[in-house]
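Heads up: the structure comes next, in structure tokens.
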């Protein structure tokens, strides 16, 4: 019987009516961290599992045993090392004759984690859909505002008018960035494919982009990279966002420091994966705030998002990693990200082809079909293309666009992904027409949705609203060559 009990993947303990341990199987001895010989004779409730005594389980067990037998269960969450565990204890009595207590201990940590992940995924799915709708409703009119501002800036009569219009363009871009941050937070993942990623290379790319800002802030940066660092499996763009958020967060912590400002970025191997450390000598974070900094919508960043650390934590969790911070007021802060090493082969997502700069004049006059349910944006796109000498036909929904394409030839089609009749379905139908095969492009205020269904996942070119009109013209003329 002992040999049988030792094979079980759960704890089994026998206690007397007073709660003293009589015997236990190997699983329970390992869980308690001692040999069975050291455990026998000790109070199971008060000594070995004090969390049970704290819940009054010991008194209930003894009372029920005194009345003739116990039969009840209890869920306990243990937070001690090596990690948080969720255990279910079942208490039974053994007879006949003198009663003994049987304790069955089941570790339900993995089940609870899976349940929480499933519930979280369901919540995020609904939030993601709502966020996608918000992105479309905001980015589409924002694209119109930015487009007309760009159009007017070209014909501005004075420097003051151009400056005012440039301000509108820049603020439109900033609002679009905030919407993108919200989408990233809602989905808690990037939209690209998973691949082998070198964290040290990711840091170098981000630092290259932030070098001017760091120099302006007089921040001394020291990189300490592990030369033999293992790759991690992840979305390069999403991990780059994590590194950027952590560096910008450190910048803002250092910006008002009167004396030397130091930032250390380190990558290291560990027994549990690859660790990225971002360490600053700023003012630090109060101890009572540390447990919640990744959950709150708090950030010292100046871009208006207030989501930097929360987004970073969401992306890290989506990559099966952990993120935490250590800080001491007046002595700085260290943020750590631990990610599992990549294992096995990886299939790389198709790379988006870089746009080729447009020539000063179009190769030829193009017949362009624009399909979008926003009349202002259709008008702005048409005005830009007509300035280049192109012929433009506008369609307000998928049915009208396909009818136009069936009745007359077009050289290029630019289709909104989220429009009445479904732009993603429309673009597949247009691609089946001889003249438009390989000459279509998507535009969307939520390109992530287009990615998940098809579109850019197949390498199709795309524009993210609100886009730059010169970029749009460049893409149209490239497709029409």
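The values are calculated or read from the model by the stated rules, or taken from the named source; none is laboratory data. The model shown is predicted, which means the values in this text are computed figures rather than measured ones. No Cβ is skipped: glycine too gets one built from the backbone with ideal geometry, and neighbour counts run over all protein chains shown.
Would you mind telling me which numbered condition in (1) assigned to a loop (DSSP other than H, G, I, E, B); (2) modelled with pLDDT of 90 or more residue 38 fails?
Looking at each condition in turn, residue 38 falls short on (1).
Considering only the range 423-440, state which residues are surrounded by fewer than 16 Cβ atoms within 10 Å (Cβ to Cβ) and not in a helix (DSSP H, G or I).
432, 437, 438
Pairs needed: first member in the range 15-33, more than 16 Å from residue 53 (Cα to Cα); second member anywhere, outside any strand (DSSP E or B); C-beta distance under 6 Å; at least 6 residues apart or different chains.
22/16; 24/36; 25/5; 25/6; 26/6; 29/36
Say whether the condition of being modelled with pLDDT under 90, assigned to a loop (DSSP other than H, G, I, E, B) and in contact with a helix residue (DSSP H, G or I) (Cβ under 6 Å, 6 or more places away or on another chain) is met by at least one residue in the range 12-34.
Checked the range 12-34: no residue is modelled with pLDDT under 90, assigned to a loop (DSSP other than H, G, I, E, B) and in contact with a helix residue (DSSP H, G or I) (Cβ under 6 Å, 6 or more places away or on another chain).
State yes or no: is residue 449 modelled with pLDDT under 90, surrounded by 16 or more Cβ atoms within 10 Å (Cβ to Cβ) and part of a helix (DSSP H, G or I)? Lay out the reasoning, then the answer.
Numbers: modelled with pLDDT under 90: yes; surrounded by 16 or more Cβ atoms within 10 Å (Cβ to Cβ): yes; part of a helix (DSSP H, G or I): yes.
Here the answer is yes, as residue 449 does meet what is asked.
Using the structure shown, decide if residue 87 is surrounded by 11 or more Cβ atoms within 10 Å (Cβ to Cβ) and not in a strand (DSSP E or B).
Here the answer is no, as residue 87 does not meet what is asked.
Give me the residue from the range 228-263 that is at pLDDT 90 or above and not in a helix (DSSP H, G or I) and, out of that set, nearest to the chain's Cα centre (by Cα).
232
Just one of (1) farther than 30 Å from residue 271 by Cβ; (2) free of Cβ contacts under 8 Å to residues at least 60 places away in the same chain; (3) surrounded by 11 or more Cβ atoms within 10 Å (Cβ to Cβ) trips up residue 6, so point out which.
(1)
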